[in-house]
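Below: one structure, written as C-alpha cells.
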Amino acid sequence: YYLSTDVDSIDRLHMYHFFKRYIFQGNFSSPIEDKLIKGECKVLDIGCGAGTWLLDLANEYENSYFFGVDIKPIFPQEIKPNNLEFIEADITNRLPFHDNAFDFTHV
C-alpha cells in the first residue's frame, strides 16, 4: 500500500471528498438518484479509502445498500450506518461478490 494512512492523511481524504462534492455540486454524475431514493439499490466503491463518499451516500439514501472495498482498512470499523459494509480485499484477486451484483460502481 503506497499511500500514507496516518491521521493527517485520512483527514485530507475527508476534506478532498467534501471539496470535490462542492465543486461538482453532488456526489456523482449518473442518472441513478431515483433508484437510490426508491431503495434496494446496491452501490460498490472500489478503493474506498477512508469511506467518506460511502458514508455520505449511506446517510442520505437510507433505503439502499453500500459496500466499500479497499486493500488497507482505513475505513471506519465500528461507527457506520447499518446500510454500509466495508470489506478489506485486494481487487486484483477478484472481488468477493457475484457478477452483476451492483446497480452502481464508483472507483
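Can you work out ³J(HN,Hα) from phi for every residue in the range 33-39, in order, using Karplus 6.51 cos²θ - 1.76 cosθ + 1.60 and θ = phi - 60°, giving whole Hz and x for Gly and Pro?
Once θ is set to phi - 60°, the couplings for the range 33-39 become 4, 4, 5, 5, 5, 4, x Hz.
Counting alpha carbon pairs within less than 8 Å and at least 6 residues apart, what relative contact order, in whole percent, applies to the chain?
This gives 27 percent for the chain.
In what order, largest first, do THR5, THR92 sit by accessible area if the probe radius is 1.4 Å?
Correct descending sequence by accessible area is THR92, THR5.
Note down the net charge around ILE71, summing +1 for each Lys or Arg and -1 for each Asp or Glu among other residues with Cβ under 12 Å from its Cβ.
-2
Hey, what do the phi angles of the range 57-73 turn into as Karplus ³J(HN,Hα) couplings, whole Hz, using 6.51/-1.76/1.60 and θ = phi - 60°, x for Gly and Pro?
Those phi angles translate into 6, 4, 6, 7, 10, 5, 8, 10, 10, 10, 10, x, 10, 8, 6, 10, x Hz.
Name the residues whose placed amide hydrogens come within less than 5 Å of the amide hydrogen of GLY68, ignoring near sequence neighbours (fewer than 5 apart) on the same chain.
Answer set, sorted by chain and number: ASP45, GLU85, PHE86, ILE87.
At a Förster radius of 41 Å, what calculated FRET efficiency corresponds to the Cβ-Cβ distance of SER4 and ALA101, to the nearest 0.05?
0.85
Which of the following values of Rg and Dmax of the Cα atoms in Å was calculated from the structure shown: (1) 13.6, 38; (2) 14.6, 49; (3) 18.0, 47?
(1)
May I ask you to compute the full-extension gain from SER30 to ASN63, defined as 0.36 nm times their residue separation minus their alpha-carbon distance, rounded to one decimal in nm?
10.1 nm
Under a straight-distance cross-link criterion of Cα-Cα below 29 Å, which lysines are reachable from LYS72, leaving out those fewer than 8 residues away in the same chain?
Excluding near neighbours in sequence, the set is LYS20, LYS42, LYS80.
Tell me the per residue accessible area of the chain using a 1.4 Å probe; a whole number in Å² is fine. Mind showing how you got there, number by number?
On the way: 7360 Å² over 107 residues.
Result: 69 Å² of accessible area for each residue.
The values are calculated or read from the model by the stated rules, or taken from the named source; none is laboratory data. Since the model is a prediction, treat every value here as computed from it, not as a measurement. Glycine also receives a Cβ, built like all others from the backbone with ideal geometry; neighbour counts cover every protein chain displayed. Just so you know, the surface numbers come from the protein's heavy atoms only, side chains and all, with ligands and any DNA or RNA stripped out. Shrake-Rupley method; radii C 1.70, N 1.55, O 1.52, S 1.80 Å.
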